């Protein structure tokens, strides 16, 4: 265990993150980069971006609360130190996505109202399921919920958004690149650390699977709501896009031509596929949401 | 801070958001952690220690770890009840700072030949410091922001700042370099605590009497810890090590007699 945890030390984190891929960045992107003019000039596109970014802020706030709460539940100091780096990563994500809302024209005084107005209630429920485990002091369930389910979802969502924005909005794509690198590290810790703890406490498995099932149900509801709400805007964006821009490929699907239903399907299938793989690595079977 | 921002032109609210941000932390630590490994230049020469001198240093570092562990647990616990998102983000930067301090002190213990630092830390723990930690975590568990901030970001941080600064002045080159980096972080944490608490006391003076009582209670434990650290380091008595701590308490008008 200690050998694997040494790869998750604060020294390694300092070298790879603040002194590595975040070096010379400003709120996660290259200095001076701006949001796409075409998006800022179109009221519908802009509202859609604000709505999407609100979900990111809420998701990251939940991750910040969860990872900081896990520190005091950790069974050893090296795990605590890794979770300290994760706490700061999540805080950084809250900050850069909040900053993006400001860049999209949301006033600081309207931040709370914007979050309340656009926040998806299913995302709030998703976070509540996780935070309940942490409030009860359940470290193993907390890490599975946070580092496998939440982070696994965030990882796939960010990758899909990165594919969409790589050409259309490099500033946001660069912001996402750093968060993807962070999430990869978090998921890696979850898989490595929890496998051995679950082996020692197999009686915990049913309860953890129930949590995964509930979180998955809320997650799929968020995806369903989000793609349904953005159906028309997606069509409008695709119609007005530069025809020479080339495809935006994600998991074999061109996001520049796919409709919202196809997008929802590819994202849901990717996340669930990731859950199955990662849960199997720690000795858990994925359970689909109850009918 | 980004180059386009002129701090003096910011409103108080924007200024606080700026200095409590990850971005600010990133640029601050880059200045003194760049090129270091576990808090110091990896090429610094190791000093040879006499038997008793080494024992005292190990005991002292173990107790620094107890303090840093308390700070890590308290600052992470405080995130959930921070009064605003900026305070939560600042505390997250503090969490990683405290984790780093624990890591660099543990690494230093390993360099000094301690094969199992975690066990050693528990065995050499100072009882006053352990009591102090328990009391701090009680306030955190109760989600008492003012009390947690006073005990964590004012008393504990000022205590660590004073002890580390005094120790760095007489320490071997590696320990001194490690301590100097840690002191720079502690200054930031103390600034946050003093600023936030100072503003709160201004708007809610009635909270002072409650905080005075807490300060009085924990001051005894703080001074007892200083006394033991000074003794184990062979420094000239309690006053030298605790001078900065006492000045901070004076500045905020808290009792320490």
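Computed quantities for the displayed model
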{"item": "Hits in the stretch A:22-42 - residues which are part of a helix (DSSP H, G or I) and within 12 Å of chain B (Cβ to nearest Cβ)", "result": "none"}
{"item": "Restricting the stretch B:21-46 to residues that are surrounded by fewer than 13 Cβ atoms within 10 Å (Cβ to Cβ) and either out of contact with any helix residue (DSSP H, G or I) (no Cβ under 8 Å at 6 or more places or on another chain) or modelled with pLDDT of 90 or more (or both), the residue that is farthest from the other protein chains (Cβ to nearest Cβ)", "result": "B:45"}
{"item": "Evaluation of residue A:72 against (1) surrounded by fewer than 20 Cβ atoms within 10 Å (Cβ to Cβ); (2) away from every other protein chain (no Cβ under 12 Å) (one fails), failing number", "result": "(2)"}
{"item": "Hey, residue B:135 surrounded by fewer than 19 Cβ atoms within 10 Å (Cβ to Cβ) and closer than 22 Å to residue A:61 by Cα or not", "result": "no"}
{"item": "Yes/no for residue B:67 being under 30 Å from residue A:108 (Cβ atoms), crowded, with 19+ Cβ neighbours inside 10 Å and within 17 Å of the chain's Cα centre (by Cα)", "result": "no"}
{"item": "Enumeration of residues in the stretch A:215-270 that are farther than 19 Å from residue A:288 by Cβ and in contact with a strand residue (DSSP E or B) (Cβ under 7 Å, 6 or more places away or on another chain)", "result": "A:247, A:248, A:262"}
{"item": "Candidates A:140, A:54, filtered to the one that is more than 20 Å from residue B:87 (Cβ to Cβ), surrounded by 20 or more Cβ atoms within 10 Å (Cβ to Cβ) and more than 15 Å from the chain's Cα centre (by Cα)", "result": "A:140"}
{"item": "Matching residues in the stretch B:118-128 - criterion: being surrounded by 20 or more Cβ atoms within 10 Å (Cβ to Cβ) and either within 9 Å of another protein chain (Cβ to nearest Cβ) or touching a strand residue (DSSP E or B) at 6+ places or on another chain (Cβ under 8 Å) (or both)", "result": "B:121"}
{"item": "Sole exception among (1) more than 13 Å from chain A (Cβ to nearest Cβ); (2) at pLDDT below 95; (3) assigned to a helix (DSSP H, G or I) for residue B:134, by number", "result": "(2)"}
{"item": "Selection count, the stretch A:119-165, where residues are part of a loop (DSSP other than H, G, I, E, B) and free of Cβ contacts under 8 Å to residues at least 12 places away in the same chain", "result": "1"}
{"item": "So residue B:110, is it surrounded by fewer than 18 Cβ atoms within 10 Å (Cβ to Cβ), at pLDDT 95 or above and within 25 Å of residue A:87 (Cβ to Cβ)", "result": "yes"}
{"item": "Only one of B:53, B:13, B:18 that is surrounded by fewer than 21 Cβ atoms within 10 Å (Cβ to Cβ), within 9 Å of chain A (Cβ to nearest Cβ) and farther than 29 Å from residue A:8 by Cβ", "result": "B:13"}
{"item": "Elements of type helices (runs of 4 or more DSSP H) in the stretch A:185-291, at least 3 residues being under 30 Å from residue A:74 (Cα atoms)", "result": "A:205-229, A:260-281"}
{"item": "Residue B:223 vs. criteria buried (at least 17 other Cβ atoms within 10 Å of the Cβ), in contact (Cβ under 8 Å) with a residue 60 or more places away in the chain, touching a helix residue (DSSP H, G or I) at 6+ places or on another chain (Cβ under 9 Å) and over 18 Å from residue B:59 (Cβ atoms)", "result": "no"}
{"item": "Members of the stretch A:231-255 found to be touching a helix residue (DSSP H, G or I) at 6+ places or on another chain (Cβ under 6 Å) and surrounded by 12 or more Cβ atoms within 10 Å (Cβ to Cβ), listed by number", "result": "A:231, A:233, A:234, A:248, A:250, A:251, A:253, A:255"}
{"item": "Verdict on residue A:12 being within 14 Å of chain B (Cβ to nearest Cβ) and surrounded by 19 or more Cβ atoms within 10 Å (Cβ to Cβ)", "result": "no"}
{"item": "Count of residues meeting criterion [more than 8 Å from chain A (Cβ to nearest Cβ) and in a helix (DSSP H, G or I)] in the stretch B:72-90", "result": "6"}
{"item": "Qualifying residue in the stretch B:2-10 (condition: exposed (fewer than 14 other Cβ atoms within 10 Å of the Cβ), touching a strand residue (DSSP E or B) at 6+ places or on another chain (Cβ under 6 Å), free of Cβ contacts under 8 Å to residues at least 40 places away in the same chain and within 8 Å of chain A (Cβ to nearest Cβ))", "result": "yes"}
{"item": "Matching entry among A:45, A:97 (being more than 8 Å from chain B (Cβ to nearest Cβ) and under 20 Å from the mean Cα position of the chain (by Cα))", "result": "A:97"}
{"item": "Flag for residue A:98 being in contact with a helix residue (DSSP H, G or I) (Cβ under 6 Å, 6 or more places away or on another chain) and within 21 Å of residue A:17 (Cα to Cα)", "result": "yes"}
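Okay, residues lined up against (1) touching a helix residue (DSSP H, G or I) at 6+ places or on another chain (Cβ under 9 Å); (2) more than 9 Å from every other protein chain (Cβ to nearest Cβ); (3) assigned to a helix (DSSP H, G or I); (4) within 30 Å of residue B:204 (Cα to Cα):
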{"site": "B:70", "(1), (2), (3), (4)": "yes, yes, yes, yes"}
{"site": "B:100", "(1), (2), (3), (4)": "yes, no, yes, no"}
{"site": "B:103", "(1), (2), (3), (4)": "yes, no, yes, no"}
{"site": "B:113", "(1), (2), (3), (4)": "yes, yes, no, no"}
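The values are calculated or read from the model by the stated rules, or taken from the named source; none is laboratory data. As the structure is a prediction and not an experimental result, all values here were calculated from the model. Virtual Cβ from ideal backbone geometry, glycine too; neighbours counted across all protein chains shown.
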